[in-house]
Amino acid sequence: MNLIHYVKQYGKSSFSEMAFNDIDNVIFSQLSYLPLAGIVGGFHEEAITIEEVAKILIRHEKKNQLNIKSYFCKKIYRLIKEMAKAPRYQHLSLSNYVQVINHDCQFGALSIQLPDHTIYVSYEGTDTTISGWREDACMTYQYPVPAQVLASQYLRKIYRFFGDKIRVGGHSKGGNIAVASVLESPFYVQRKVIAIYNNDGPGFAESIIHSRKYKRIQSKIHKIVPRESIIGMFLYYGEDISVVKSSSKRIFQHDPFHWCIEGNAFKEAQLSEYSKKVSSKTNAWLDNIKKRDCQKCMEDLFQVFDYVEVYDTHDFFSIGKSVKVVQNVKSLDEDSRKNLWDAIKTLV
């Protein structure tokens, strides 16, 4: 059973009959990936139910106005359509939608209000824009990155608007910035946060993991990864992790629609040796490379993307642009080429 099957089977149970659980968290973490601009309002604007959102998205699809490119987001679209028919989810309110995309930042967030008046803040993971991947690369040598700063600012606004208890979560990069949003918030905001969900998102530099401010929120962090996690094992983490079984292999396990569900819980698994090896090798590479070399390596790579006019991951499927990227990478200085090649080899 996957996320969509779970909604179909358990969608009749209210949150009073079946309490909020890890699967609900993963489901909510997916909604911020959807193109909701003009559908879900921002701060000070009226909330809208999941049922109403799904109806609008369906109308957009019929008019060929639905801007969903990736296969992953198409699955989330199917998910919200099922949620719109399920009593457990259909009347939940969505609000406070924010999306920021520029040269250096890709950030998205929305709030989901549950019947018990708790709020789930869903932070968007990396989308298909190169600016999103650029920011992910910055995480290897910079903290905080712009999306982490915006996440903290967003959480403070939620605190001011809602006096209720707050859960924060996200998938992929969204999981990392969910943790960062609480980490960089003042104590009076942190007190309102009852749980932080990092769903197969990267960790942090080792110095942050050992910091006093991280240890102050560590007990609230729930990190969930698939058996052969790659993204979720990148960088360091200080909390216990929950490992779940996946029906897919290697990097494709990052997709939570492949995570296996039994009853109203994820099927437990053990972290694979492959995942441990990749984690060890990538962290060793980052520890060994100088911070300034890592930064230069990443900046050189994304300058190539800018030069070749690769603005979206879909551009990689253009043969002409792919060839130009390879040609321009070859023109980089020897140190940058070596560092890029070493980074690639850690994942092979």
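The values are calculated or read from the model by the stated rules, or taken from the named source; none is laboratory data. Since the structure is predicted, the reported quantities are computational estimates derived from the model, not experimental observations. When we count neighbours, we look across all protein chains shown, and the Cβ atoms used for this are built from the backbone with ideal geometry, even at glycine.
The set of residues in region 1-54 that are within 16 Å of Phe266 (Cα to Cα), free of Cβ contacts under 8 Å to residues at least 12 places away in the same chain and assigned to a loop (DSSP other than H, G, I, E, B) contains only Ala19. Is it true that Ser111 is under 18 Å from the mean Cα position of the chain (by Cα), at pLDDT below 95 and of a type in the set (Gly, Ala, Ser)? So Ser111 fails the test.
Residue-wise test of (1) surrounded by 13 or more Cβ atoms within 10 Å (Cβ to Cβ); (2) over 21 Å from Gly108 (Cα atoms); (3) out of contact with any Cys (no Cβ under 9 Å at 6 or more places or on another chain).
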site	(1), (2), (3)
Leu36	yes, no, yes
Glu46	no, no, yes
Glu52	yes, no, yes
Asn64	no, yes, yes
Ile76	yes, no, yes
Leu79	yes, no, yes
Lys85	yes, yes, yes
Ser93	yes, no, yes
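Of the residues making up region 197-253, those that are in a loop (DSSP other than H, G, I, E, B) and more than 22 Å from Leu286 (Cα to Cα) number 6.
Taking the conditions exactly as written (surrounded by 13 or more Cβ atoms within 10 Å (Cβ to Cβ) and farther than 26 Å from Asp164 by Cβ), does Lys267 satisfy them or not?
Details: surrounded by 13 or more Cβ atoms within 10 Å (Cβ to Cβ): yes; farther than 26 Å from Asp164 by Cβ: yes.
Yes: the conditions hold for Lys267.
Tell me, which residue of region 64-99 that is charged (D, E, K, R) and assigned to a helix (DSSP H, G or I) is modelled with the lowest pLDDT? Give the derivation first.
We begin by selecting, within region 64-99, every residue charged (D, E, K, R); these are 69, 74-75, 78, 81-82, 85, 88.
Restricting the remaining residues to those that are assigned to a helix (DSSP H, G or I) gives 74-75, 78, 81-82.
Working: Lys74: 92, Lys75: 95, Arg78: 97, Lys81: 98, Glu82: 98.
This residue is Lys74.
The condition of being within 23 Å of Gly175 (Cβ to Cβ) and among the basic types (Lys, Arg) holds for only one of Lys75, Lys63, that being Lys75.
Do we find that Glu61 is in the same structural domain as Phe107 (by TED's automatic domain parsing) and assigned to a loop (DSSP other than H, G, I, E, B) in this structure? No.
Of the set (1) modelled with pLDDT under 95; (2) buried (at least 20 other Cβ atoms within 10 Å of the Cβ), all apply to Val225 but (1). Assessment of region 129-138 against the conditions (at pLDDT below 95, assigned by TED's automatic domain parsing to the domain that holds Gly11 and assigned to a loop (DSSP other than H, G, I, E, B)) yields no matching residue.
For region 171-194, how many residues are outside any helix (DSSP H, G or I), without any contact (Cβ under 8 Å) to a residue 40 or more places away in the chain and of a type in the set (A, V, I, L, M)? If you could, list the steps in order and put the result at the bottom.
Quick first cut of region 171-194, residues outside any helix (DSSP H, G or I) only: 171-172, 184-186, 191-194.
The next check asks that each one be without any contact (Cβ under 8 Å) to a residue 40 or more places away in the chain; those that pass are 185-186, 191-193.
Still in the running and of a type in the set (A, V, I, L, M): 193.
Counting residues in region 171-194 that are outside any helix (DSSP H, G or I), without any contact (Cβ under 8 Å) to a residue 40 or more places away in the chain and of a type in the set (A, V, I, L, M) gives 1.
Quick one: is His5 modelled with pLDDT under 95, exposed (fewer than 14 other Cβ atoms within 10 Å of the Cβ) and farther than 17 Å from Glu124 by Cβ? No: the conditions fail for His5. Note on region 1-34: residues that are over 15 Å from the mean Cα position of the chain (by Cα) and of a type in the set (S, T, N, Q) amount to 6. In region 95-111, the residues that are outside the structural domain of Leu34 (by TED's automatic domain parsing) form no Cβ pair under 8 Å with any partner that is basic (Lys, Arg) and surrounded by 23 or more Cβ atoms within 10 Å (Cβ to Cβ), whether six or more places apart or across chains.
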